[in-house]
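Below is one structure; the comments refer to it alone.
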Amino acid sequence: MYCDQCQETLSNEACTDTGVCGKDAQTSNIQDLFVWELRGLAYLAEEARAEGIVDGDLRVFIAEGLFSTITNVNFDPEWFEEQIREGFERRRNLRERYEREVGPIDEAALPEAATWEAAESAAFYEKAPEIGVQTTENEDIQSLRGLLTYGIKGIAAYADHAYVLGEQKDEVFAFVQRGLAATLDDELSVDDLIGLVLEAGEIGTEVMAALDEAHTSTYGHPEPTEVDIGVRDRPTVLVSGHGLKDLEELLEQTEGEGVDVYTHGEMLPAHAYPAFEEYDHFVGNYGNAWWQQHEELEAFNGPVLMTTNCLVPPKDSYAGRTYTTGVVRFPGLPHVEGRVDGGQKDFSALIEHAKETEPPEQIETGTVPNGFTHDAVLSRVDDIIEAIQAGDIRGFVVMGGCDGRHPKREYYTEMAESLPDDVIILTAGCAKYRYNKLDLGDIGEIPRVLDAGQCNDSYSLLKIAMELQAALGVEDINDLPIAYDIAWYEQKAVTVLLALLRQGVEGIRLGPTLPAFLSENVAELLVEEFDIKPVDSVESDREAIIEELESSPLVAPSM
Ligand code: SF4
Ligand code: SF3
C-alpha cells in the first residue's frame, strides 16, 4: 500500500505497511483501484458531456465513491469490490449510450483506467500496486495530481452532503469529473495542474456555499447557542459526523421513545439550528474530536451512529453498539441502509438497542458556545467595525480546520491561551476542540471564540471576511486585521485551504505539519505565490500574528 493523503501519514511521508488511521493494506489497495476506475469513468463522462450526454446518477456515483475514500470513512474492502463491479456496469451503460447517440468510441485513444476490467477480486488486488499515486514518475506532477485529487475528494464529500438535502450544482459535479479526468492526462504541464488546483479552490467555495444554503434553507440560520456538555439519566444515542439529515430523522424517530440524543465531534453545531430546538430529547454534546473515540464512546454506553468521517476502528468494548450509515462502513459493524423512494432511513434497530443500554457516564459538565455563522456574526457587523476602529478589537485569527492526534497540536491550545485578550478567534471544524472549552472571555458582548460550525462552515469565515472587506471599503482581503493559523488532517481541509488560497488569502500558517504529498518544488511554489508557512513555535507565531494584525491599515495603533 501507499497512502499519503492525510496529516498523520507515517513519518510525514506515507503509510506503506498499514495506515496510522487503521486502514489496512487490502483496503488501501482496493481504494486505490476504485479511485483509478473513477478517474476513467470521469474521463468517459467528460467525453460524453462534450456531446451533450449527462448521466446524473453517474456523477453522484463518482462523488460518493470519492467521498468513501476520504480518511476515516470506509474500511470495508468487500464493499469497495462491489463498487468496482458496479463501476464496470455503469461504464458499459455509458459507452452503449454514447455509441447509440454519437457513434463509435476510439478505443485506442482511451486511457487504460477507462477500459481495464476484471471479473475476479484477486485481479483487482494484483492491478492495484500498478496504478496508485506513487506510480507517476515526475514527483512534481505526482504531487499536483495528489493535491488536486485530495481537493476534489473534499469537494465531492461536501457535494454529497448537499445532494442528500436536495441541493445539487451541475458545475460542481462537472468539475469533479473534469478535474479527476485531468489526473490521467500526461500532456498536462505543472502550470496546467496548478490552474486546476486553483479552480478546485473556486469550486470548493462554491460547494461550501451550496451546502450552507442547503443547511440554512432546511434547518434555519444557526443562532448563538450554549450547548450543554453534561449528561442526563436516560438511555441515549450518540450521533457523529456531518450528516444533519440523519440526525433530523433520528430525532423524529426517537421522539416519545424515552431515548435521548447527543452529538459528538463534527455534529456539535447541529445544536445551533432552529429546526432542532423543538426536540426536548436533543440534549447536548458528548466528548470531543474524532480521535478521542476510544475512551469517549466506551464511556457513552449507548449506541453510536457514524454518519460521515471520522470513524476510528472501534474497540471490542463498544463495536457491537456502533452503527454506520451512508458511505461509512467497517466490517462487522451494523449498517443502517439508505433511504428508499423518498422515505426516511429506518433507525428502529438502533433505537431499540438504545433502550437496553445504560445512561452515559458523565465526563464533563458546563456548556460550549456555537452558532456564530455568517448570519449571526454579520448581524453585528456595525458593532464589530466600531470595536475595531475604537481599538477594542485588535483583530481576528482564523484557527479552523481539523483536530488530530499529533502531539504538536497542543500548539493550538497554547496559541488560543496566549493570544492577547483583544483578539478574537474565528473557528470551524473539529479543530475547535483544542480551545472551545477554555474560558477566554468576551470583548463587550462578543465572545472571544466565535465558532461557525463544521469544517464546511469555513465558508462562513470567508463570507465574514469578504463582507468586512466590502463594509470597510478595503481593496485587498489581506489588509483586513485577520491572520490565518489553520490545522488540517483530512481531505476536506485540503478543499478549505484551496478555497482560501483562491480567494487571495496570503500568509496562511498551516500545521501541525505541511502535507507530505507536497514535493519540494510544489511546496516552494505555495510559499512563493501565497506565502504559506508551516507553524513554528507558539511564541514566535504569536509575535508574528500580532505584528500582522497591527500592520492592517484598519487597526488603531495600540498604546
Ligand atoms: Fe495513512 Fe492517512 Fe492514508 Fe490512513 S489516510 S493510510 S493514516 S495517510
Ligand atoms: Fe474533523 Fe474528521 Fe476534519 Fe470536518 S471530523 S473536520 S478531521
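The values are calculated or read from the model by the stated rules, or taken from the named source; none is laboratory data. Please read all numbers here as calculations on a predicted model, not as lab measurements. Please note: Cβ atoms are built from the backbone with ideal geometry, for glycine as well, and neighbour counts cover all protein chains shown.
Below, the figures for the structure above:
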{"quantity": "Selection count where residues are surrounded by fewer than 24 Cβ atoms within 10 Å (Cβ to Cβ), over 13 Å from MET306 (Cα atoms) and touching a helix residue (DSSP H, G or I) at 6+ places or on another chain (Cβ under 9 Å), scope the stretch 232-253", "calculated": "4"}
{"quantity": "Which listed residue, of ASP536, ASP531, ASP541, is over 21 Å from ARG434 (Cβ atoms) and not assigned by TED's automatic domain parsing to the domain that holds VAL197", "calculated": "ASP531"}
{"quantity": "Lone qualifier among CYS15, CYS21 - being within 10 Å of ligand 1 (Cβ to nearest atom) and under 19 Å from the mean Cα position of the chain (by Cα)", "calculated": "CYS21"}
{"quantity": "Selection within the stretch 211-247 - closer than 22 Å to HIS374 by Cα and in contact with a strand residue (DSSP E or B) (Cβ under 9 Å, 6 or more places away or on another chain)", "calculated": "PRO222, PRO224, THR225, GLU226, VAL227, GLY241, GLY243"}
{"quantity": "Boolean, GLY40 is within 23 Å of ASP170 (Cβ to Cβ), more than 16 Å from ligand 2 (Cβ to nearest atom) and at pLDDT 95 or above", "calculated": "yes"}
{"quantity": "Sole exception among (1) under 22 Å from CYS430 (Cα atoms); (2) more than 14 Å from ligand 2 (Cβ to nearest atom) for ASP316, by number", "calculated": "(1)"}
{"quantity": "Residue in the stretch 65-80 that is more than 25 Å from ARG409 (Cα to Cα), more than 16 Å from ligand 2 (Cβ to nearest atom), surrounded by 16 or more Cβ atoms within 10 Å (Cβ to Cβ) and of a type in the set (S, T, N, Q) present", "calculated": "no"}
{"quantity": "Selected residue (criterion: nearest to ligand 1 (Cβ to nearest atom)) from residues of the stretch 391-444 that are more than 16 Å from PRO369 (Cα to Cα) and among the hydrophobic types (A, V, I, L, M, F, W, C)", "calculated": "CYS402"}
{"quantity": "Complete set of residues in the stretch 241-277 that are under 20 Å from ALA354 (Cα atoms) and aromatic (Phe, Trp, Tyr)", "calculated": "TYR262"}
{"quantity": "The one condition in (1) in contact (Cβ under 8 Å) with a residue 24 or more places away in the chain; (2) closer than 30 Å to ALA63 by Cα that GLY332 fails to fulfil", "calculated": "(1)"}
{"quantity": "Elements of type helices (runs of 4 or more DSSP H) in the stretch 482-556, at least 1 residues being away from ligand 1 (no atom under 16 Å from the Cβ), closer than 28 Å to TRP290 by Cα and touching a residue at least 60 places away in the same chain (Cβ under 8 Å)", "calculated": "491-502, 538-550"}
{"quantity": "Any hit, the stretch 454-462, residues being of a type outside the set (A, V, I, L, M) and without any contact (Cβ under 8 Å) to a residue 24 or more places away in the chain", "calculated": "no"}
{"quantity": "Scope the stretch 272-281; condition buried (at least 23 other Cβ atoms within 10 Å of the Cβ) and either within 16 Å of ligand 2 (Cβ to nearest atom) or assigned to a helix (DSSP H, G or I) (or both); matching residues", "calculated": "ALA272"}
{"quantity": "Residue count for the stretch 467-516, restricted to those that are surrounded by fewer than 21 Cβ atoms within 10 Å (Cβ to Cβ), closer than 21 Å to ILE424 by Cβ and of a type in the set (Ser, Thr, Tyr)", "calculated": "0"}
{"quantity": "Residues located in the stretch 1-36, provided they are away from ligand 2 (no atom under 16 Å from the Cβ), part of a loop (DSSP other than H, G, I, E, B) and not charged (D, E, K, R)", "calculated": "MET1, TYR2, ALA14, THR16, THR18"}
{"quantity": "Selection count where residues are part of a loop (DSSP other than H, G, I, E, B) and over 22 Å from ILE363 (Cβ atoms), scope the stretch 252-271", "calculated": "4"}
{"quantity": "Among the candidates ASP186, ASP228, residue that is without any contact (Cβ under 8 Å) to a residue 24 or more places away in the chain and more than 24 Å from the chain's Cα centre (by Cα)", "calculated": "ASP186"}
{"quantity": "Considering residues of the stretch 100-111 that are within 38 Å of the chain's Cα centre (by Cα) and surrounded by 10 or more Cβ atoms within 10 Å (Cβ to Cβ) only, the residue nearest to ASP185 (Cα to Cα)", "calculated": "PRO111"}
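Conditions (1) surrounded by 14 or more Cβ atoms within 10 Å (Cβ to Cβ); (2) within 16 Å of ligand 2 (Cβ to nearest atom); (3) assigned by TED's automatic domain parsing to the domain that holds THR18, marked per residue:
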| position | (1), (2), (3) |
| --- | --- |
| VAL283 | yes, no, no |
| TRP290 | yes, yes, no |
| THR322 | yes, yes, no |
| PHE330 | yes, yes, no |
| VAL336 | yes, no, no |
| ARG339 | no, no, no |
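So that you can scan it fast, the table gives a plain yes or no per residue for (1) under 18 Å from GLN7 (Cα atoms); (2) surrounded by fewer than 24 Cβ atoms within 10 Å (Cβ to Cβ); (3) within 16 Å of ligand 2 (Cβ to nearest atom):
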position	(1), (2), (3)
HIS374	no, yes, no
GLY391	no, yes, no
GLY400	yes, no, yes
ASP403	yes, yes, yes
ARG409	yes, yes, yes
ASP422	no, yes, no
LEU426	no, yes, yes
LYS432	yes, no, yes
